[in-house]
Structure formats: structure tokens, C-alpha cells
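*Asks:* Input: one structure, supplied below.
The values are calculated or read from the model by the stated rules, or taken from the named source; none is laboratory data. Remember, it's a predicted structure, so these values are computed and weren't measured experimentally. Cβ sites come from the backbone with ideal geometry, for glycine too, and all protein chains shown count toward neighbours. Ligands, DNA and RNA are stripped out before the accessible areas are found, and what is left, the full protein with its side chains, is counted by its heavy atoms. Shrake-Rupley method; radii C 1.70, N 1.55, O 1.52, S 1.80 Å.
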Amino acid sequence: MKIRVNKFVYFEYMAATNFTGTITHHSNDDITLDFWGKRLEQGFLSERSEAIATYALCGFSSIISAVMVLGVIYAIAPKRKKWITSITIPALVAGNLANCMTGCFA
């Protein structure tokens with residue numbers, strides 16, 4: 001939660017300095033707002049980074065969904081188990097790659 005608050009403090013600082021304020025990055029991801037002398041512990045995430053992380057994390061939920069769909073399809077078409085099992089892994093890989101590509105365009 002601190003990272004979200006830090007983003008708003010950073011944008012407030014930049015607006016107050018007419019976007020000319022200087023910052024100092026530290027090795028442990030802390031940021032110092034030079035004109036205010038304030039240190040933002042753990043830095044902040046940009047909106048773009050938040051979008052990319054959201055898309056990347058959504059890709060992991062597809063594994064659970066695929067297992068649930070497999071169970072339903074096995075019940076509906078038990079004679080197709082071998083074929084369904086053979087396409088499951090490639091479908092999961094394709095879905096996760098599509099999710100990551102969407103994150104790249106975000």
C-alpha cells in the first residue's frame with residue numbers, strides 16, 4: 001500500500017516543482033525528492049508497470065480455469081480424453097503467451 005501512496009506523493013512533488021524537480025535513486029529502491037528532502041521508501045510503480053503486472057498475474061489464473069474446464073469436458077466427452085489431454089498444455093502456453101503479449105502492449 002505504501003507504494004501506491006508514494007506514487008501520489010511523487011506526482012504531487014513533480015506538479016509542485018513544475019516537473020523540473022530532481023530525484024535521487026538509492027540502491028534499495030528508495031527515492032529521495034531533492035527539493036523537499038523527503039524519502040519515499042520502496043519507491044513507486046508507474047501506471048504502466050501496474051498494467052503489465054496485472055496482465056502477467058491474470059495469466060496464472062488461467063491454469064486453474066483450464067483444470068476446471070478439463071473436468072467438465074471429461075464428463076461431457078469421455079471418449080475424447082486422450083485428445084483433450086494432448087491439447088491442454090499447448091493451449092495453456094498459448095493463452096499465457098497471449099496474456100503476456102497483451103501486457104507488453106499495455
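*Asks:* Applying a 10 Å radius around every beta-carbon, put 39-46, 98-105, 71-78 in order of their mean neighbour count, most first.
*Replies:* Values: 39-46: 14.8, 98-105: 13.2, 71-78: 10.4.
By packing density, highest mean first, the sequence is 39-46, 98-105, 71-78.
*Asks:* Packing-wise, with mean Cβ within 10 Å as the measure, how do 79-90, 2-13 rank, highest first?
*Replies:* 2-13, 79-90
*Asks:* Compute the accessible area per residue over the chain, keeping the other protein chains in place, probe 1.4 Å, unit Å².
*Replies:* Here the per-residue accessible area is 73 Å².
*Asks:* With the dipole of the chain worked out from charges on the C-beta (+1 for Lys and Arg, -1 for Asp and Glu) around the Cα centre, which of 10, 64, 52 lies farthest toward the positive end?
*Replies:* Of the candidates, 64 comes out farthest on the positive side.
*Asks:* Calculate the all-directions average of the projected area of the range 25-80's alpha-carbon convex hull, and give it in nm².
*Replies:* Its Cα hull, projected and averaged over all orientations, spans 6.2 nm².
*Asks:* Quick one: which residues, 5+ away or cross-chain, put their amide H under 5 Å from the amide H of residue 38? H built at 1.01 Å from N.
*Replies:* Amide H neighbours of residue 38, under 5 Å, 5+ apart: 33.
*Asks:* Along each principal axis of its Cα atoms, how long is the chain end to end? Whole angstroms, biggest number first, please.
*Replies:* The Cα atoms of the chain stretch 70, 23, 22 Å along the principal axes, largest first.
*Asks:* Give me the lysines in straight-line cross-link reach of residue 2: C-alpha distance below 26 Å, same-chain residues under 8 apart excluded.
*Replies:* Cross-link targets: 38.
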